[in-house]
Amino acid sequence: MDRSQRQTNLLVIDDDQLFCAGVREALQTAHLHVFEAHTCTDGLARCAREKIDIVLLDQQLPDGDG
């Protein structure tokens with residue numbers, strides 16, 4: 001499968017759950033899948049499980065910083 005046919009994965013890491021949901025609702029399409037994480041630990045775990053292409057990262061999280 002070439003890049004044009006593959007879904008792009010975006011990971012939003014932010015402790016503000018409403019912000020994450022808003023980004024997901026605004027950006028998720030057939031070619032862009034949006035994952036959410038609310039801590040550094042969860043974000044790193046998601047990166048280990050999924051092929052993430054783009055990360056939108058909050059600079060201040062409960063268990064670390066961006």
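Quick look at the numbers
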| item | result |
| --- | --- |
| Options 30, 48: the member that is among the aliphatic types (A, V, I, L, M), closer than 21 Å to residue 6 by Cβ, outside any strand (DSSP E or B) and at pLDDT below 95 | 30 |
| Contacts under 7 angstrom Cβ, first residue in segment 5-27 being more than 20 Å from residue 62 (Cα to Cα), partner surrounded by fewer than 16 Cβ atoms within 10 Å (Cβ to Cβ) and among the basic types (Lys, Arg), 6 or more apart | 9/51 |
| Pair list, Cβ under 6 Å, 6 or more apart: segment 36-49 residue within 14 Å of residue 9 (Cβ to Cβ), other residue assigned to a helix (DSSP H, G or I) and open to solvent by less than 40 Å² (accessible area, probe 1.4 Å) | 36/20; 37/43 |
| Matching residues, segment 45-62, being over 15 Å from residue 16 (Cβ atoms) and loosely packed, with under 14 Cβ neighbours inside 10 Å | 45, 48, 49, 50, 51, 54 |
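So that you can scan it fast, the table gives a plain yes or no per residue for (1) open to solvent by 70 Å² or more (accessible area, probe 1.4 Å); (2) out of contact with any Gly (no Cβ under 7 Å at 6 or more places or on another chain); (3) not aliphatic (A, V, I, L, M); (4) not in a helix (DSSP H, G or I):
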{"residue": "6", "(1), (2), (3), (4)": "no, yes, yes, yes"}
{"residue": "9", "(1), (2), (3), (4)": "no, yes, yes, yes"}
{"residue": "15", "(1), (2), (3), (4)": "yes, yes, yes, yes"}
{"residue": "24", "(1), (2), (3), (4)": "yes, yes, yes, no"}
{"residue": "35", "(1), (2), (3), (4)": "no, yes, yes, yes"}
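The values are calculated or read from the model by the stated rules, or taken from the named source; none is laboratory data. This is a predicted model, so every value here is computed, not measured. Note that we place each Cβ from the backbone using ideal geometry, even for glycine, and neighbour counts take in every protein chain shown. Accessible surface is based on the protein model in full, side chains and every heavy atom, while ligands, DNA and RNA are left aside. Shrake-Rupley method; radii C 1.70, N 1.55, O 1.52, S 1.80 Å.
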